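Here is the structure we will look at.
The values are calculated or read from the model by the stated rules, or taken from the named source; none is laboratory data. Here the structure is a predicted model, which means the values were calculated and not measured. Cβ: placed from backbone, ideal geometry, glycine included. Neighbour counts: every protein chain shown. These accessible areas exclude ligands, DNA and RNA; they are computed on the full protein's heavy atoms, side chains included. Shrake-Rupley method; radii C 1.70, N 1.55, O 1.52, S 1.80 Å.
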Amino acid sequence: MQTIFFKGQPCHTYGMMPEVGEVAPCFHLTGAGLNKVQCGDFTGKRVVLNIFPSLDTEVCARSVRRFNEEASKVKDTAVICVSMDLPFAMSRFCTLEGLADVIPASAFRSPMFGQRYGVQLCDGPLAGLLARAVIVLDKDRKVLYRQLVEEITDEPDYEAAIRVLEGKF
C-alpha cells in the first residue's frame, strides 16, 4: 500500500508498484475497438505506461497529449495510456484530439492490472480508479523508470521519463 493525495487528502493504493529493475507483470487491457491490448503485443519495444484516473480531467488529458507528442517519437517505443475510462470514451478523445501516436487502453475489464501494478485507489474520493503514474519498461518488460505522482492533481515528470527512454539517465 502506498499513500498519495487527492487535493491534499490522503488516499491509498492496493499493493506496490514494481521496482526499477524488476520484470513488470504482464498486462491485459481493452483497446479502443474492444480488442485485447496485452504485454505480448509489444515484444521488442520499450513501453511507456501512462496511467491516470480519467480523460475527463484536464491533467489526464494533458498527459496523453504530452506523451503523444514526445515519447511516441522515440524509436521502438509504444505509449499506452491506461485508465478505467470506457474504451469508447478513450477512442473518442484520441480521435477528436488527433492523437494517433498513443494506444488508449482501458482497465475496466482488468481489475488486477491496477492491483498488480500498485496503482488502484482503494479509498478516498477516487476509490476504484487508477492513480496517476508513469512506468517505463524495456524491451524485456523490465522496469527502467517509475513514478507514482504524489498529488493526483499534479502532472507526471515527463522529462524524467523521456530521458530514460532516450538513454540519458
Restricting the range 39-79 to residues that are out of contact with any Phe, Trp or Tyr (no Cβ under 8 Å at 6 or more places or on another chain), assigned to a strand (DSSP E or B) and β-branched (Val, Ile, Thr), which is surrounded by the most Cβ atoms within 10 Å (Cβ to Cβ)?
-> 47
The residue from 86, 129 that alone is free of Cβ contacts under 8 Å to residues at least 40 places away in the same chain, under 15 Å from residue 54 (Cα atoms) and among the aliphatic types (A, V, I, L, M) is 86
Answer yes or no as to whether residue 101 is part of a loop (DSSP other than H, G, I, E, B), open to solvent by 10 Å² or more (accessible area, probe 1.4 Å) and without any contact (Cβ under 8 Å) to a residue 60 or more places away in the chain.
-> yes
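Could you say whether any residue in the range 19-37 is more than 22 Å from residue 137 (Cβ to Cβ), among the β-branched types (Val, Ile, Thr) and exposed (fewer than 15 other Cβ atoms within 10 Å of the Cβ)?
no
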In the range 86-98, which residue that is open to solvent by less than 20 Å² (accessible area, probe 1.4 Å) and either among the basic types (Lys, Arg) or modelled with pLDDT of 85 or more (or both) is farthest from residue 166 (Cα to Cα)?
-> 87
Only listed residue being over 12 Å from residue 113 (Cα atoms) and either in contact (Cβ under 8 Å) with a residue 40 or more places away in the chain or within 18 Å of the chain's Cα centre (by Cα) (or both), chosen from 12, 28 | 12
For residues that are touching a Ser or Thr at 6+ places or on another chain (Cβ under 8 Å), part of a loop (DSSP other than H, G, I, E, B), aliphatic (A, V, I, L, M) and open to solvent by less than 30 Å² (accessible area, probe 1.4 Å), tally how many sit in the range 124-161.
-> 1
For the range 6-18, the count of residues that are open to solvent by less than 30 Å² (accessible area, probe 1.4 Å), part of a strand (DSSP E or B) and among the hydrophobic types (A, V, I, L, M, F, W, C) equals 1
